[in-house]
Amino acid sequence: MSTRTATVEAPVQQRDVLNVAAALPTAVRVEGVSQVFERGRPPVLEGLDLTVAAGEFVCLVGASGCGKSTLLNLIAGLTKPTSGQISVSAERPALMFQEPALLPWLTASGNVELALRARGVGRADRRAEAARLLRVVNLEEHSGKRVHELSGGMRQRVALARALAQDSKVLLMDEPFAALDAITRDVLHEELTRVWAEQGLSVVFVTHNVREAARLGQRVVLLGSRPGRVVREWQVDVPHPRTIESPGVGALATEITRELHREISRHGR
């Protein structure tokens with residue numbers, strides 16, 4: 001059964017020190033979690049353990065069907081694990097999906113205000129707070145535009161602002177940039193890195209793009225398949241600012257990809 005304990009986390013000031021997570025409070029703790037969807041079928045996850053420190057950026061990679069999105073949904077509290085325990089420092093982690101899922105009849109500001117309204121923020125304060133959040137994602141000038149007037153990258157920025165409007169220090173992201181072109185994705189990598197550092201967020205980021213994981217994460221976690229469990233982790237010591245072309249990012253991505261291929265081969269996929 002999942003448990004959640006509300007705590008106040010301090011933002012991380014130094015981002016490039018190895019093993020910084022060990023000295024910080026825990027934002028997410030997954031202990032011995034298993035998930036079975038159909039009786040008689042192999043579990044999707046089994047005995048999975050994962051800890052994310054306050055202010056840490058962790059990327060999850062693995063073959064399709066290894067349970068990455070399932071794990072994210074469990075941390076978000078959308079479903080309960082079959083067994084094991086999940087503790088999250090935020091009562092309601094913010095969740096951002098691959099599709100922005102914005103309401104087309106609302107403006108950018110209106111979509112962010114909707115999340116604030118769900119939190120109980122009063123009408124008088126919603127517009128000002130939405131404007132502030134759109135400034136955070138560098139979209140203030142487009143606050144009055146409707147969804148069809150926004151590019152794909154802009155829509156994802158609105159979705160990020162809407163996630164931030166949930167006022168959670170834990171941000172869960174399920175392949176949010178997968179559908180974007182390479183240039184737009186690279187710009188949003190920079191934006192996300194900046195917002196993560198400024199807001200002191202703990203991020204769990206699911207991706208199939210190994211180079212993206214090496215570019216964004218402080219730590220990259222590889223999930224094995226059948227059933228899903230942590231098989232290896234990498235601490236990313238490439239200093240910021242990073243780019244997708246940084247030599248250290250490329251070298252680490254090559255190593256992770258090699259291990260991913262080994263894992264896939266072990267299961268005959």
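None of the figures in this text is laboratory data; all of them are computed from the coordinates on show. Computed from a predicted model, the values in this text were never measured in an experiment. Every residue, glycine as well, gets a Cβ built from its backbone with ideal geometry; the counts of neighbours run over all protein chains shown.
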message = Restricting to Cα pairs below 8 Å that are 6+ residues apart, what does the relative contact order work out to for the range 45-129? Please round to a whole percent.
response = 16 percent
inquiry  = Taking only the Cα atoms of the range 200-255, how large is their convex hull per residue, in Å³?
reply    = 90 Å³
inquiry  = Test of understanding: in a Gaussian network model of the chain with alpha carbons linked when under 10 Å, which of ALA108, ALA251, ALA54 would top the mean-square fluctuation ranking?
reply    = ALA251
note = Residue span GLN85 to ASP49: 0.36 nm per residue of separation minus Cα-Cα distance leaves a gain in nm of 12.0 nm
query = What spacing in nm lies between the two simple spin-label points modelled at SER64 and ASP167, each 7 Å away from Cα in the Cβ direction?
reply = 4.1 nm
note = With Cα springs under 10 Å, the Gaussian network model of the chain assigns the largest mean-square fluctuation among VAL52, VAL220, VAL36 to VAL36
remark   = Exposed-loop cut sites defined as chymotrypsin sites (Phe, Trp or Tyr not before Pro) in DSSP loop states with at most 13 other Cβ within 10 angstrom; longest site-free run of the chain spans 106-269
note = Dimensionless Rg/Rh of the range 49-188, both radii on Cα and Rh by Kirkwood, sits at 0.98
task = Using Cα pairs closer than 8 Å and at least 6 residues apart in sequence, work out the relative contact order for the range 96-198, in percent.
result = 40 percent
note = Along the range 131-140, Karplus-curve 3J(HN,Hα) (6.51, -1.76, 1.60; θ = phi - 60°) to the nearest Hz, with x for Gly and Pro, reads 4, 5, 5, 5, 5, 4, 9, 6, 9, 4
inquiry  = From the convex hull of the Cα coordinates of the range 107-169, what is the mean projected area in square nanometres?
reply    = 3.8 nm²
query = Quick one: what do you get for the range 121-260 if you divide its Cα Rg by 2.2 N^0.38 Å?
reply = 1.16
remark   = Relative contact order as a percentage, the chain, C-alpha pairs under 8 Å and 6+ apart, gives 27 percent
message = For the chain, I need the span (max minus min coordinate) of the C-alpha atoms along each principal axis, in Å, sorted largest to smallest.
response = 54, 43, 37
